[in-house]
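Asks: Let me give you the structure first, and then I'll get to my questions.
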Amino acid sequence: MRSLGFDVRIASGAEEARVLLAAVPAGERVALVDPRFVGHLHALRLALTDPRFPAAAAPGALTAQREARPALARALEAVSTAAGAPGSGTLTDAHGLTDSLAEALDADGVAVHRPQLGTLVATVPTDAEARHAARAAVEAVDDEAVRLRSAVKAHDGFFTTFFVSPYSRHIARWCARRGLTPNQVTTASLLTALIAAGCAATGARGGYIAAGVLLIVSFVLDCTDGQLARYALKYSTMGAWLDATFDRAKEYAFYAGLALGAARDGDDVWALALGAMVLMTCRHVVDFSFNEANHDATANTSPTAALSSKLDGVGWTVWARRMIILPIGERWAMIAVLTAATSPRIVFWALIVGCAFGACYTTAGRVLRSLTRKAKRTDRAAQALADLADSGPLASLVGRISGRAGIAKLPGFVLAFVAAGVLIPAVLGRPFGDGGTVVAACMYVVFAGAAVARPLKGALDWLVPPLFRAAEYTTVLVLAARSDVPQALPAAFGLVAAVAYHHYDTVYRIRGGTGAPPAWLVRVTGGHEGRTLLVTVLAALLADRGDDFTLALTALAVAVALVVLVESIRFWVSSGAPAVHDEGETA
């Protein structure tokens, strides 16, 4: 216990344990371990040191963090009272005090996490024979080997599983033994990727080769930070934020480096860079929205899901299905190899084709599941979808009006589809700055507001956020490309990157259980419909002054980036941030 960071005290019964625990400052974690406990050190580490759970237990061991301490105190008092007299409920009772307290916490509404121990041993033997058997079982399993193996994700991509994890987990152990933290490794991964982007920006073949090599090194470090967090159970609020955002920062920075390098060679690929970013982000939003809509739905079964589970039972189909969606491991490997061997234009076209195929595959599968699934959406799921929609003041106003007018009676995804279907063809089909684009944007605001006027509980309402993302990002991309000003597309790239960061940040807050960003942030940034309308109006007003349109996009990008970054940093370093290590995208 001391090796795990605990200050050990011995108690002879529940009453004495209650007194000792009461003396511990309220903000500290406490743990109770049955003196008869036999098991692996890593079993105790998993049960007692994981910061993500208010309370956790294994046979013979129980821990409670600050938020679960009052319930533990009540449970100890109840156990002492039930025993008939103070001290008569002892730590050597047949059932075990720790197990009784874990059941009492569950009954009190505190969810007690019970980690999957696998081959690790954690038991409370009641006689000499059982103790001997338990010790033999401990000796038969190398807990360090289990710890090293469990540092790797249970479900990961083909490239990561076979080409990175076999050695990156040993790097993680090396880092742990030298006191390095996951956050330090994450930062090293970011710096390496930024250097790679700088090499790509040189536009020289040597720079491209160096960029490809460094990008692979960055990805290895990216895998290592998560494995180090799992190996050492060093999950933190700052780590959650860094891990969730640095992947996007690295990828966007490398795209920009490739575009700058191509420009040095006389090839303008900013539109392709932005197109790849838009496709990838929209694909991720499909995943996020579908998962949030269905993870707590009742009667959540479908023939399509059953078929998918059956396919996962056939070895080769598992890897094929993971690879064809071009997850981050395969994506970075492809980018690295093509960067070193070909040109930025080829890199981006490969990305666009791969991301488009992955988006079509995942979206089609999710639509089929939704249509064949008889599931009842929860209020929490509907709220998560509404938060992911990122609707601003204009949509809220229109939603109230359309609710009274009756237009909002249509399903949310239908109205969102109509909104995107009105705006995107208008932007694509009309000249830059045409007033008809502004009219289409106004109609987009109306239909987008109507789409979220009612709770998003329909079978396909998880499509609402992806449709809004596609409409907003495509509008910025097309208008910048149509302006015929060289610097407009880099400015648009910055704007979409800033807005996408805000949308990713919203996802990770929801995943952490803290809800969406504050309402004032959405109002200040205008919501998706406000920003879309503003960009179309700016294009119409500055149609004859392309440089001014570029300046306006740049100013908007800087303003959005500053507001969302300051608020995001404030939240993730605050005491209210969730202590999670998000696994993020399949590596």
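Asks: Considering (1) more than 20 Å from Gly527 (Cβ to Cβ); (2) of a type outside the set (Lys, Arg); (3) without any contact (Cβ under 8 Å) to a residue 40 or more places away in the chain, say which one Met443 fails and leave the rest.
Replies: All conditions pass for Met443, except number (1).
Asks: Which of the following residues is among the small types (Gly, Ala, Ser) and either over 30 Å from Lys374 (Cα atoms) or in contact (Cβ under 8 Å) with a residue 60 or more places away in the chain (or both): Ala420, Ala416, Ala491, Ala453? Working first, answer last.
Replies: Details: Ala420 fails: either over 30 Å from Lys374 (Cα atoms) or in contact (Cβ under 8 Å) with a residue 60 or more places away in the chain (or both); Ala416 fails: either over 30 Å from Lys374 (Cα atoms) or in contact (Cβ under 8 Å) with a residue 60 or more places away in the chain (or both); Ala453 fails: either over 30 Å from Lys374 (Cα atoms) or in contact (Cβ under 8 Å) with a residue 60 or more places away in the chain (or both).
Going through Ala420, Ala416, Ala491, Ala453 in turn, just one is among the small types (Gly, Ala, Ser) and either over 30 Å from Lys374 (Cα atoms) or in contact (Cβ under 8 Å) with a residue 60 or more places away in the chain (or both): Ala491.
Asks: Quick one: count up the residues across segment 143-162 that are under 13 Å from Pro327 (Cβ atoms) and of a type outside the set (D, E, K, R).
Replies: 6
Asks: Quick check: is even one residue across segment 27-48 among the basic types (Lys, Arg), open to solvent by less than 60 Å² (accessible area, probe 1.4 Å) and in a helix (DSSP H, G or I)?
Replies: Yes, the conditions are met somewhere in segment 27-48.
Asks: Could you please find all residues in segment 173-194 being free of Cβ contacts under 8 Å to residues at least 60 places away in the same chain and hydrophobic (A, V, I, L, M, F, W, C)?
Replies: Answer for segment 173-194, where residues must be free of Cβ contacts under 8 Å to residues at least 60 places away in the same chain and hydrophobic (A, V, I, L, M, F, W, C): Trp174, Cys175, Ala176, Leu180, Val185, Ala188, Leu191, Leu194.
Asks: List the residue pairs whose Cβ atoms are under 6 Å apart, where the first residue sits in segment 195-216 and is at positive phi, the second is not in a helix (DSSP H, G or I), and the two are 6 or more positions apart or on different chains.
Replies: Gly203/Asp265
Asks: Quick one: how many residues across segment 448-462 are part of a helix (DSSP H, G or I) and within 23 Å of Thr536 (Cβ to Cβ)?
Replies: Qualifying residue count, segment 448-462: 4.
Asks: How many of the residues making up segment 540-587 are more than 20 Å from Thr281 (Cα to Cα), modelled with pLDDT under 90, of a type in the set (A, V, I, L, M) and part of a loop (DSSP other than H, G, I, E, B)?
Replies: Total meeting the criteria: 5.
Asks: Ok, one more. List, please: which pairs have Cβ atoms under 9 Å, are six or more places apart or on different chains, and start with a residue in segment 562-582 that is within 13 Å of Thr245 (Cβ to Cβ) and among the polar types (S, T, N, Q) and end with one that is modelled with pLDDT of 80 or more and part of a loop (DSSP other than H, G, I, E, B)?
Replies: Ser568/Pro517
Residues are listed down the side, and each one gets a yes or a no for (1) over 17 Å from Leu221 (Cβ atoms); (2) surrounded by fewer than 18 Cβ atoms within 10 Å (Cβ to Cβ):
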{"position": "Glu139", "(1), (2)": "yes, yes"}
{"position": "Glu144", "(1), (2)": "yes, yes"}
{"position": "Arg147", "(1), (2)": "yes, no"}
{"position": "Ser150", "(1), (2)": "yes, no"}
{"position": "Gly157", "(1), (2)": "no, no"}
{"position": "Ser168", "(1), (2)": "no, no"}
{"position": "Cys175", "(1), (2)": "no, no"}
{"position": "Pro182", "(1), (2)": "no, no"}
{"position": "Leu190", "(1), (2)": "no, no"}
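Asks: Is it the case that segment 314-328 has a residue that's of a type outside the set (Phe, Trp, Tyr), within 30 Å of Thr202 (Cα to Cα), in contact with a Gly (Cβ under 9 Å, 6 or more places away or on another chain) and part of a helix (DSSP H, G or I)?
Replies: Yes, some residue in segment 314-328 is of a type outside the set (Phe, Trp, Tyr), within 30 Å of Thr202 (Cα to Cα), in contact with a Gly (Cβ under 9 Å, 6 or more places away or on another chain) and part of a helix (DSSP H, G or I).
Asks: Can you tell me which condition Asp268 does not meet? The list is (1) assigned to a helix (DSSP H, G or I); (2) within 30 Å of Thr474 (Cβ to Cβ), and all the others hold.
Replies: (1)
Asks: On the basis of being small (Gly, Ala, Ser), surrounded by fewer than 17 Cβ atoms within 10 Å (Cβ to Cβ) and over 17 Å from Met277 (Cα atoms), does Ala341 make the cut?
Replies: Details: small (Gly, Ala, Ser): yes; surrounded by fewer than 17 Cβ atoms within 10 Å (Cβ to Cβ): yes; over 17 Å from Met277 (Cα atoms): yes.
Against the criterion (small (Gly, Ala, Ser), surrounded by fewer than 17 Cβ atoms within 10 Å (Cβ to Cβ) and over 17 Å from Met277 (Cα atoms)), Ala341 qualifies.
Asks: Is it the case that some residue within segment 490-510 is open to solvent by less than 20 Å² (accessible area, probe 1.4 Å), basic (Lys, Arg) and part of a helix (DSSP H, G or I)?
Replies: yes
Asks: Spot the failing condition for Gly435; the list is (1) open to solvent by less than 60 Å² (accessible area, probe 1.4 Å); (2) at negative phi; (3) under 29 Å from the mean Cα position of the chain (by Cα), and only one is missed.
Replies: Just one mismatch for Gly435, condition (3).
Asks: Does segment 1-26 hold any residues that are charged (D, E, K, R), open to solvent by 60 Å² or more (accessible area, probe 1.4 Å) and part of a helix (DSSP H, G or I), and which are they?
Replies: Arg2, Glu16, Arg18
Asks: Just to be sure I understand, how many residues within segment 101-144 are without any contact (Cβ under 8 Å) to a residue 40 or more places away in the chain and among the aliphatic types (A, V, I, L, M)? Talk me through it step by step, then tell me what you get.
Replies: Going residue by residue through segment 101-144, those that are without any contact (Cβ under 8 Å) to a residue 40 or more places away in the chain are 103-104, 106-109, 116, 118-119, 127-130, 132-133, 136-137, 139-140, 142.
Narrowing further to those that are among the aliphatic types (A, V, I, L, M): 104, 107, 128, 130, 133, 136-137, 140.
Result for segment 101-144: 8.
Asks: State all residues of segment 517-557 that are open to solvent by 30 Å² or more (accessible area, probe 1.4 Å), in contact with a Gly (Cβ under 8 Å, 6 or more places away or on another chain) and under 16 Å from Phe493 (Cα atoms); if no residue qualifies, say none.
Replies: Thr554 - this is the single residue of segment 517-557 that is open to solvent by 30 Å² or more (accessible area, probe 1.4 Å), in contact with a Gly (Cβ under 8 Å, 6 or more places away or on another chain) and under 16 Å from Phe493 (Cα atoms).
Asks: Give me the pairs, please: first residue somewhere in segment 36-57 and closer than 18 Å to Gly512 by Cβ, second residue anywhere and open to solvent by 30 Å² or more (accessible area, probe 1.4 Å) and in a strand (DSSP E or B), beta-carbon distance under 6 Å, and either six or more positions apart or on two chains.
Replies: Partner pairs satisfying both residue conditions: Phe53/His113; Ala56/His113.
Asks: Now, a different point. What number of residues within segment 317-337 are closer than 14 Å to Ala211 by Cβ and either touching a residue at least 40 places away in the same chain (Cβ under 8 Å) or among the polar types (S, T, N, Q) (or both)? I'd like the intermediate steps shown before the answer.
Replies: Of all residues in segment 317-337, those closer than 14 Å to Ala211 by Cβ come to 332-337.
This time we only want the ones that are either touching a residue at least 40 places away in the same chain (Cβ under 8 Å) or among the polar types (S, T, N, Q) (or both), so: 332-333, 335-337.
The number of residues fulfilling the criteria is 5.
Asks: Tell me, please, whether a residue that is modelled with pLDDT of 90 or more, open to solvent by 70 Å² or more (accessible area, probe 1.4 Å) and assigned to a loop (DSSP other than H, G, I, E, B) can be found in segment 85-100.
Replies: No: segment 85-100 contains no residue that is modelled with pLDDT of 90 or more, open to solvent by 70 Å² or more (accessible area, probe 1.4 Å) and assigned to a loop (DSSP other than H, G, I, E, B).
Asks: Right, something else. For segment 193-212, enumerate the residues that are closer than 21 Å to Trp241 by Cβ and surrounded by fewer than 20 Cβ atoms within 10 Å (Cβ to Cβ).
Replies: The answer is Leu194, and nothing else.
Asks: Filter segment 240-282 down to residues that are more than 22 Å from Gln487 (Cβ to Cβ) and either open to solvent by 10 Å² or more (accessible area, probe 1.4 Å) or free of Cβ contacts under 8 Å to residues at least 12 places away in the same chain (or both), then give me how many there are.
Replies: Residues that pass the stated criteria total 9.
Asks: Across segment 214-260, what is the number of residues that are among the small types (Gly, Ala, Ser), under 15 Å from the mean Cα position of the chain (by Cα) and assigned to a helix (DSSP H, G or I)?
Replies: 5
The values are calculated or read from the model by the stated rules, or taken from the named source; none is laboratory data. All of these numbers come straight from a predicted model, not from anything done at the bench. Counting neighbours? That spans all protein chains shown, and the Cβs are built from the backbone with ideal geometry, glycine included. Quick note on the areas: whole protein, heavy atoms, side chains included, nothing else; ligands and nucleic acids left out. Shrake-Rupley method; radii C 1.70, N 1.55, O 1.52, S 1.80 Å.
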